[in-house]
Structure formats: structure tokens, C-alpha cells
Amino acid sequence: MVLPIVMYGTPVLREKGAKIESVTPTIKKLIGDMLETMYAYKGIGLAAQQVGVPTQLTVIDVRGVTDRPSSAEVNGEPVDVATLMPLVLINPEITPFGQSVSGPEGCLSFPEIFAEITRPDLVDVKALNGEGEAVRFRCGGLLARAVQHETDHLHGILFIDRMDKATKDELRAEIEALKAETKSRRNAG
């Protein structure tokens, strides 16, 4: 089922997600609904907070992006990124490293707002998958950016928090308009 995506200004986006203790049928349904929602909105990542559920769960799929490469290693060996997709990360722990690089980012909770965000270009990831099994991998490129963006969501951190001051000032009117529209809809609803 395609779920509604919550917009900036909705309090749940600032909530740190609760750890998932076990992969229950309810969690499996949420995973399926989140994947369906991410694809319906043409996103490459979606955190549970973005569908109103403050929990440590995110889904990612970068297969549709051909102009921004991704890399992945499992046990020190390169793997085809497509074999990891769609990626389900439960209770992810990440260790970003490498050089900091700027790249374009957007967010389904901030429609039509895009900015250059600087993040480390490599990430080590430790999490559970959708079956509750432990997974570990290293990733780079767009996948590393998506993992960091979505993991931030799980801790109530938004990509606007990662913008430099000049970019945030430039986008302030759009960001404030979105927040006001969200507040107006919540008050009317």
C-alpha cells in the first residue's frame, strides 16, 4: 500500500526512531509498504519517519540512477550494487569515512527543494536486513550518500541541517513556505 509521505514541519520527522527488537509481521508489512511508497514517489530512499512511524527502519534502492555511480564491498570484496537492492536497513549503525564530497540531494519530505550537501564519500554499514539477519558492507558514491541521508532521518536529522549557511539562506523562503503549508494542513485536518 502506498503510504502518505509526511512533509517538513511534521513533528515525527524530528523524532529519533525506536530500535526494532524483532522483525514481526507488522514490520514486514511496513517494509513492503515503504518500498511501494518509495517507488511510487520515485525516490531512492525512504525512512520510517517519513511515513509517520518513528522507528529505526529505512529502505533504499539506487538501481534507477545511472548518472551517479555507487560502489559496494562485502567482506572486502567488490559486489554489484544491484545485488544488494532493494536494501532494507533495520537499526543501522554507520561509520562514515573517506574524503568529504559535495553532491546534490533532495528529500521526499521536501518536494522540489534540492541542495549541494557535503558528506564523507564512504560508509561502513552494520544493520539487520528485512529478515532480521545481520548485514555488514562498505559503500561509496550515491549509495553512501543515500545511506547517510536515510540514517540521519532515523535520528531526527534532516538534510537541511547539513546545508551550509549560504545554501540554507538561499532556500529559506521555500523551506519556510513548506513548513507553513504543512502546519496549515495539520491544523485543518
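The table for this structure:
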item	result
Phi to ³J(HN,Hα) by Karplus 6.51 cos²θ - 1.76 cosθ + 1.60 over the stretch 178-184, Hz, x for Gly, Pro	5, 4, 5, 5, 4, 4, 4
Qualifying GluC sites (Glu not before Pro) in the stretch 96-189, DSSP loop, other Cβ atoms within 10 Å at most 12	GLU131, GLU133
Set of aspartates and glutamates near LYS16 by C-alpha distance (under 18 Å), chain-local residues within fewer than 8 positions excluded	GLU93, GLU150, ASP152, ASP161
In Hz, Karplus ³J(HN,Hα) per residue of the stretch 19-25 (6.51, -1.76, 1.60; θ = phi - 60°; x = Gly, Pro)	5, 8, 7, 7, 8, 8, x
Vicinal HN-Hα couplings computed from phi for the stretch 40-46 (Karplus, 6.51 cos²θ - 1.76 cosθ + 1.60; Hz; Gly/Pro x)	4, 8, 6, x, 10, x, 8
Nonlocal amide H pairs with GLY130, under 5 Å, H built at 1.01 Å	VAL88
Percentage relative contact order, the chain, counting C-alpha pairs under 8 Å, at least six apart	26 percent
Built amide H within the under 5 Å cut-off of LEU3, gap 5+	THR37
For the stretch 55-113, size of Cβ-based charge dipole, Lys and Arg +1, Asp and Glu -1, in debye	60 debye
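No value in this document is a laboratory result; all are computed from the given coordinates. Because the structure is a prediction, the values reported are computed rather than measured. FYI the Cβ positions are ideal-geometry reconstructions off the backbone, even for glycines, and counts take in every protein chain you see.
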